Amino acid sequence: MKDLIDKLEQTSSLSKEEWSVLIRSRTPDTADYLFERAREIRHRFYRKDIYIRGLIEFTNYCKNDCLYCGIRRSNQNVHRYRLSREQILDCCEKGYELGFRTFVLQGGEDGYYTDEVMTDIVQNVRKRFPDCAITLSLGERSRESYQLLFDAGAERYLLRHETYDAEHYGRLHPNSLSAAHRQQCLWNLKDIGYQVGTGFMVGSPFQTPDNLADDMIFLKALNPQMVGIGPFIPHHDTPFAKSPPGTLELTLFMLGLIRLMLPRVLLPATTALGTIAPDGREKGILTGANVVMPNLSPAEVRKDYLLYDNKICTGDEAVECRRCMENRMKRIGYQVVVSRGDSLVDIN
């Protein structure tokens, strides 16, 4: 297994069979070796800097009915909300004062936020905070929509592909969605010139090592600027309520593999990691991650953006979130930096 890790570090590539064997046959000893190599590469490119993103969850309405998601359309128990342009700008203002220089506007696929509405929001954020990066995470839209938002001032876009395999994708999503269309959206975003982020769930229902191998091969081909992965965590109001969650152990192993394969990528230690283990985000950083995403959403709506159960940081004020994250990173020898935190991956 260590030979495969060495090969990955030297060539940034493995065959599907090699990926499957490495994932399926991992051991604690293999993981320790992987994390050591991943940390060294992460420090080579990003030193011990931690980039922070200010996450603004501005709507929990969604037209889709993904089987794993707590804000799926058919969940009648969700208290729905939308933030206005001024509320979003107020979140950005507070974030800017706290040192955030990247804002992530994330929401369900909500038809209220048309191209006209979103373009207006993006233009206003760009005008008021010209030195900040604007990241959008709005799901699947047309190429024309992506272009309009890019022209308005958005620079980054996050769209997890969730799983590359079409059959597996179909078991997690309604028939109206397809793996092929989602992947095409990512290629469109990249072609337009966005810094692109994608990713997948670890331990989702029906997932196999071969599925994860396909995900790694897709990431290698796409060469995104950011990869966000996290463990699957069930939500009580979904068809997968009783499905077992993904594990911290496998999620950390996949983080280390991604760092070796894509040495310059931005790699978040996600909120989901911190949800399944109190020190999950710290462990993510120590296995090669270099981004954290504290929440800037108004405290009164955070509990309503519940994609999965027991999500952490739903009651904190933004300033508490920021200080908590800084202290957590300092305790493990890393420092949060005030920066846009651009990826070192070439856009084209």
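Here are some notes:
- Residue in segment 9-31 that is out of contact with any Phe, Trp or Tyr (no Cβ under 7 Å at 6 or more places or on another chain), in a loop (DSSP other than H, G, I, E, B) and of a type in the set (A, V, I, L, M, F, W, C) present: yes
- For segment 71-122, a residue qualifies if it is in contact with a helix residue (DSSP H, G or I) (Cβ under 6 Å, 6 or more places away or on another chain), open to solvent by 40 Å² or more (accessible area, probe 1.4 Å) and not in a loop (DSSP other than H, G, I, E, B), and the qualifying residues are Arg85, Lys94, Asp115.
- In segment 126-151, the residue that is nearest to Ser176 (Cα to Cα) out of those that are surrounded by 14 or more Cβ atoms within 10 Å (Cβ to Cβ) and of a type in the set (Gly, Ala, Ser) is Gly139.
- Single condition Arg42 does not satisfy, out of (1) open to solvent by 50 Å² or more (accessible area, probe 1.4 Å); (2) assigned to a helix (DSSP H, G or I); (3) of a type outside the set (A, V, I, L, M, F, W, C): (1)
- Among the residues of segment 45-60, those that are open to solvent by less than 10 Å² (accessible area, probe 1.4 Å) and assigned to a strand (DSSP E or B) comprise Ile50, Ile52, Gly54, Ile56, Glu57, Phe58, Thr59.
- Number of positions in segment 195-217 that are assigned to a loop (DSSP other than H, G, I, E, B) and touching a residue at least 60 places away in the same chain (Cβ under 8 Å): 2
- Scanning segment 100-122 for residues that are within 25 Å of Pro294 (Cβ to Cβ) and polar (S, T, N, Q) yields Thr102, Gln106.
- Single residue of Arg141, Arg160 found to be assigned to a loop (DSSP other than H, G, I, E, B), closer than 19 Å to Leu267 by Cα and at pLDDT 95 or above: Arg160
- Put simply, of Leu186, Leu149 the only residue that is in a helix (DSSP H, G or I), more than 21 Å from Met261 (Cβ to Cβ) and in contact with a Ser or Thr (Cβ under 9 Å, 6 or more places away or on another chain) is Leu149.
- Pick from segment 177-195, criterion open to solvent by less than 10 Å² (accessible area, probe 1.4 Å) and out of contact with any strand residue (DSSP E or B) (no Cβ under 6 Å at 6 or more places or on another chain), ranking: farthest from Phe150 (Cα to Cα): Ala179
Every residue, every condition in (1) open to solvent by less than 20 Å² (accessible area, probe 1.4 Å); (2) free of Cβ contacts under 8 Å to residues at least 40 places away in the same chain, yes or no:
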{"site": "Thr287", "(1), (2)": "yes, no"}
{"site": "Pro298", "(1), (2)": "no, no"}
{"site": "Asn310", "(1), (2)": "no, no"}
{"site": "Lys330", "(1), (2)": "no, yes"}
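- Residue match in segment 239-260 (condition: of a type in the set (Val, Ile, Thr), more than 30 Å from Glu93 (Cα to Cα) and either touching a Ser or Thr at 6+ places or on another chain (Cβ under 9 Å) or not in a loop (DSSP other than H, G, I, E, B) (or both)): yes
- Candidate set: segment 294-317, residues that are assigned to a helix (DSSP H, G or I) and touching a Gly at 6+ places or on another chain (Cβ under 8 Å); chosen: the one farthest from Phe232 (Cα to Cα): Ala299
- When we screen Thr251, Thr271 for residues that are modelled with pLDDT of 95 or more and either under 24 Å from Gln106 (Cα atoms) or surrounded by fewer than 21 Cβ atoms within 10 Å (Cβ to Cβ) (or both), the only hit is Thr251.
- Being modelled with pLDDT under 90 and more than 25 Å from Leu255 (Cα to Cα) holds for only one residue in Asp316, Asp304, Asp309, and it is Asp316.
The values are calculated or read from the model by the stated rules, or taken from the named source; none is laboratory data. All of these numbers come straight from a predicted model, not from anything done at the bench. Cβ atoms come from the backbone with ideal geometry, glycine included; neighbour counts cover every protein chain shown. Side chains included, ligands, DNA and RNA excluded: accessible areas come from the protein's heavy atoms. Shrake-Rupley method; radii C 1.70, N 1.55, O 1.52, S 1.80 Å.
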